[in-house]
Amino acid sequence: MKFKYRAENSPIGWLYLLPALFFIGIFNVTPLVKTFIIAFQKGTLNNPEFNGIKNFQIVLKDPKFHKSLSNTALYAFIVVPLGIIISLYIAISIYEKIKFKKAFESIFFLPYLTSMIAIGVVFRYLFNQNYGLINYFLGLIGFGPVNWLDNPQTSMTTVIIFGIWMGLAFNIIILLTGIRNIDESYYKVADMFGASKFEQFRRITLPQLIPTITFLMLMNFINAFKVYGQVYAIFNGKPGIAESASTGVFYIFTKFYTENRYGQGMAAAVILFLFILIFTFIQNRIMKKVSE
């Protein structure tokens, strides 16, 4: 009788995993469970009282929460696809057209290693209405100046531009890795039959990159729905003028740490968690259909 090896049935394997599982349990699972518990409570953290679903009712009726969710969805559905498209164009350009590829990869990867707060300070100067470089270049072509930072109408545009920039580094490196793993013999055969560069991209590069793009979309959408640091960095710790750039996580932060409404903050966190979970499941099913 033959026995198949299964990693999950190996006692030694679980022994090696114990340290990682211990820290995951403390820093990931425990806060998640605590979040669900506090969401059904009122009062202080030291003297909580059961509050049923009232926290959820209050949050779901709050116009600020609706605004925060709509801003989060707007950010996610613009930044993620646009960021991947731009990253794909840059990755292909680096791979096919640019010399000293390693140097350019390092340059594009620098934003991923740099503090978001530090980049936010730089972007605040770039977006400044009076002396920012962006308005200077817009003025050269007859536009502007645009009040990027102190106008509720442009707050989300500013955050979206900043978010696209911040996501490029990681996307480019992952896409370059995917492009390098494509067998070059496909392109040689395509050249023999006279296929254009666009046809090669459409019939070879893009289909081969579907698993990589699926991974990036999954990770980027999850991170986009949890956007907080970008808003904090670009608006110096505030959610824009008149909270015009407030997001789901910023709403949770405000409720929990500023207003001390712990139950409502955690109720909002649970709603956002469920929203991300459902969206991730749907997206995963769609991408599987596309890849098939």
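Across region 63-75, the number of residues qualifying as in contact (Cβ under 8 Å) with a residue 24 or more places away in the chain, more than 14 Å from the chain's Cα centre (by Cα) and open to solvent by 20 Å² or more (accessible area, probe 1.4 Å) comes to 3.
Give me a count of the residues in region 187-206 that are open to solvent by 100 Å² or more (accessible area, probe 1.4 Å) and under 33 Å from the mean Cα position of the chain (by Cα).
Total meeting the criteria: 4.
Just checking, does region 9-18 include any residue being at pLDDT below 90, under 30 Å from I271 (Cβ atoms) and either open to solvent by less than 80 Å² (accessible area, probe 1.4 Å) or of a type in the set (D, E, K, R) (or both)? Scanning region 9-18 turns up no residue that is at pLDDT below 90, under 30 Å from I271 (Cβ atoms) and either open to solvent by less than 80 Å² (accessible area, probe 1.4 Å) or of a type in the set (D, E, K, R) (or both).
Checked against the criterion of being assigned to a loop (DSSP other than H, G, I, E, B), open to solvent by 20 Å² or more (accessible area, probe 1.4 Å) and farther than 20 Å from I252 by Cβ, the candidates I78, I86, I92, I98 yield just one match: I98. Contact annotation: residue pairs with Cβ atoms under 9 Å, 6 or more positions apart or on different chains, pairing a residue in region 108-132 that is in contact (Cβ under 8 Å) with a residue 60 or more places away in the chain with a partner that is assigned to a loop (DSSP other than H, G, I, E, B) and open to solvent by 80 Å² or more (accessible area, probe 1.4 Å), are G120/N236; V121/N236; R124/N236.
Against the test of being open to solvent by 80 Å² or more (accessible area, probe 1.4 Å), under 19 Å from the mean Cα position of the chain (by Cα) and among the hydrophobic types (A, V, I, L, M, F, W, C), the options F235, F253, F225, F275 yield a single qualifying residue, F275.
Quick one: A268 ticks every box in (1) at pLDDT below 90; (2) of a type in the set (A, V, I, L, M, F, W, C); (3) in contact with a helix residue (DSSP H, G or I) (Cβ under 6 Å, 6 or more places away or on another chain) bar one, so which box is it? Failed condition: (1). Quickly run through region 208-222 and pick out the residues that are within 12 Å of M287 (Cα to Cα) and open to solvent by 50 Å² or more (accessible area, probe 1.4 Å). Within region 208-222, P211, F215 qualify. For region 24-45, the count of residues that are part of a helix (DSSP H, G or I), in contact with a Lys or Arg (Cβ under 9 Å, 6 or more places away or on another chain), open to solvent by less than 50 Å² (accessible area, probe 1.4 Å) and at pLDDT 90 or above is zero. Evaluation of K54 against the conditions (1) surrounded by fewer than 16 Cβ atoms within 10 Å (Cβ to Cβ); (2) modelled with pLDDT under 90; (3) more than 27 Å from the chain's Cα centre (by Cα) shows that the sole unmet condition is (2). Taking each residue of region 272-292 that is free of Cβ contacts under 8 Å to residues at least 40 places away in the same chain and hydroxyl-bearing (S, T, Y) and looking for partners that are assigned to a helix (DSSP H, G or I) and exposed (fewer than 13 other Cβ atoms within 10 Å of the Cβ) with beta-carbon atoms closer than 9 Å, six or more apart or interchain, yields nothing.
For I117, are the conditions met, namely being within 21 Å of T72 (Cα to Cα) and buried (at least 16 other Cβ atoms within 10 Å of the Cβ)? Taking the combined requirement at face value, the residue does not satisfy it.
Checked against (1) out of contact with any Ser or Thr (no Cβ under 7 Å at 6 or more places or on another chain); (2) surrounded by fewer than 17 Cβ atoms within 10 Å (Cβ to Cβ); (3) touching a residue at least 40 places away in the same chain (Cβ under 8 Å), P152 meets all criteria but (1). Quick check: anything in region 279-291 hydroxyl-bearing (S, T, Y) and surrounded by 20 or more Cβ atoms within 10 Å (Cβ to Cβ)? Within region 279-291, none of the residues are hydroxyl-bearing (S, T, Y) and surrounded by 20 or more Cβ atoms within 10 Å (Cβ to Cβ). Across region 129-149, the qualifying residues are those that are polar (S, T, N, Q) and over 18 Å from S244 (Cβ atoms), and the one among them that is surrounded by the most Cβ atoms within 10 Å (Cβ to Cβ) is N135.
Pairs linking a residue in region 156-185 that is farther than 15 Å from N220 by Cβ and open to solvent by less than 20 Å² (accessible area, probe 1.4 Å) to a residue that is outside any helix (DSSP H, G or I) and of a type in the set (F, W, Y), with Cβ atoms under 7 Å and 6 or more positions apart or on different chains, are T158/F127; T158/W148.
The values are calculated or read from the model by the stated rules, or taken from the named source; none is laboratory data. Remember, predicted model here, so these are calculated numbers, not experimental data. Counting neighbours? That spans all protein chains shown, and the Cβs are built from the backbone with ideal geometry, glycine included. Side chains are part of the model used for accessible areas, which takes the heavy atoms of the whole protein and leaves out ligands, DNA and RNA. Shrake-Rupley method; radii C 1.70, N 1.55, O 1.52, S 1.80 Å.
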